[in-house]
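Trainee: Here you go, one structure.
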Amino acid sequence: MKRTEVTGRASEDTAGPASEPGSGAVAEGGTASVESAAAALPSPDAHFPGVPGLLDGLPKQRGPVPVPAALPVAAPAARLRIRLWRLLPTPTGTPFTFGYAAVLAVTSLVTEYADPALVHSLLQGSSTDVAHLVRTPVLVLPASALWIAGGIASPYVLGFLLVMTALERRIGGLRSASVFLLGHVLATLATELPVGLAVLVGHLPDTSLHRLDYGISFGVAAGTGALAGLLSPWLRWPLLGLYGGMLVQDLLAFTDPMTEWGHLMALAIGVATWPVVRRWAKTHGRPSA
C-alpha cells in the first residue's frame, strides 16, 4: 500500500501542473521566430570566406593583410648605364674635372685649327722651360697645364677624365685640384732644374733652356697615384703595376728621358699623398661642425 501511494505521488509530481490552453503554441512560435531571425543575420565567416572559426562580437579578429607596395627595381642594363655615367665628369657631381675638361677642349681646338704661328707663340709663352721658370714661374706653371701634349688624341685625355673624375667623387674638387697641381708643379721643377744645372756645367747646350714643356701628364700621374690609395687592394695594385710598368717601359725606350722621369716622380708624389687623401675621403661629404 505505501509503495503504491508513493508511486502515485511521484507520478503526479513528475507530470506537474497542467498547461494552460494555447501556451504550447506560443512557445513553439517564439522559438521559430528567433531561429529565423538568427539565420537572417550574416555569419562572420561570410565576410572572410575560407577563414572559419570567427567569433561573434569580437572586432578585428581577421582582416585583409596589407600588402606593401613593391619598390621599383632598376633593370640591370639601367644600373650599368648609371655606373658607366658616373665614370665621366658632370657639372654638378665633379665641377672641377668638368670645367677643366671644357678648358682643355677649347685649347685643343685652338691648337688644331688656329694659325700655326699663333699656336707656337702660345705654347712657347706657356712653356715651363728653364728660361721661363727663372723669369715668370708663377705664370707659366699653371699656364702650361692648359694644353695637352699630343692634342685631343693623347691617351692622357682619357686618363684625365677617368682618374680625376674618380678622385673628385671621393675627396672633392678643391682637394683633387691640389693633388693635380702638386704633382704638376713638383714634377716639373724636379725635371727642369737638373736641365738648368747641366747647362751651367756645360753638359747640355744653351738651347735646352728653351725647350717646350707643357701638358697635363704630370698632374694625371699624380692623380693616378693618389686614387690608387683610395681603391680596394684588388684594384690598387694592378693599377699601379700596369701604369708604373708602362712608365718604366717608356723610360727604357729613352725617347724623352726627362719627361718619363717626371711621370714616375709624379706617380710617386701621388702615392705619398695616401695618408692625406684617405683622411680627406673619410670627411668628404660630412657637414661641417
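Trainee: Of LEU231, GLN124, PHE180, whose Cα points farthest to the positive end of the dipole of region 100-233 (charges on the beta-carbon: +1 Lys, Arg; -1 Asp, Glu; origin at the Cα centre)?
Mentor: LEU231
Trainee: Let me ask another. On full extension of the chain, what length is gained from MET258 through LEU197, given 0.36 nm per residue of separation minus the C-alpha to C-alpha distance?
Mentor: Here the segment from MET258 to LEU197 would lengthen by 20.6 nm.
Trainee: Out of HIS203, GLY99, LEU84, whose Cα points farthest toward the positive end of the dipole of region 73-216 (charges: +1 Lys, Arg; -1 Asp, Glu; placed on Cβ)?
Mentor: LEU84
Trainee: I would also like to ask the following. Report the convex hull volume per residue for region 179-289, counting only C-alpha atoms, in Å³.
Mentor: Taking only Cα atoms, region 179-289 has a hull volume of 118 Å³ per residue.
Trainee: Moving on to the next point. Which semi-axis lengths, in whole Å and largest first, follow from the square roots of five times the eigenvalues of the Cα gyration tensor of region 124-226?
Mentor: So the three semi-axes of region 124-226 are 28, 14, 12 Å.
Trainee: I'd like the distance between the alpha-carbon centres of region 203-273 and region 135-172, rounded to an integer number of Å.
Mentor: Comparing the Cα centres of region 203-273 and region 135-172, I get a distance of 13 Å.
Trainee: Additional query: Compute the FRET efficiency between THR92 and TRP274 as 1/(1 + (r/R0)^6), taking r as their Cβ-Cβ distance and R0 = 30 Å, and round to the nearest 0.05.
Mentor: 0.60
Trainee: Relative contact order for region 143-231 using alpha-carbon pairs under 8 Å, separation at least 6, rounded to a whole percent?
Mentor: Reported as a whole number, the value is 50 percent.
Trainee: On to the next question. Rg/Rh for region 198-240: what does it come to with C-alpha atoms and Rh from Kirkwood?
Mentor: 1.33
Trainee: In debye, nearest 20, what is the charge dipole magnitude of region 189-289 about its Cα centre with +1 on Lys and Arg Cβ and -1 on Asp and Glu Cβ, if you could check?
Mentor: 800 debye
Readers should treat all values here as calculations from the given coordinates under stated rules, not as data from a laboratory. Bear in mind the structure is a predicted one, so any value in this text is a computation, not a measurement. Backbone-built Cβ (ideal geometry, glycine too); neighbour counts: all protein chains shown.
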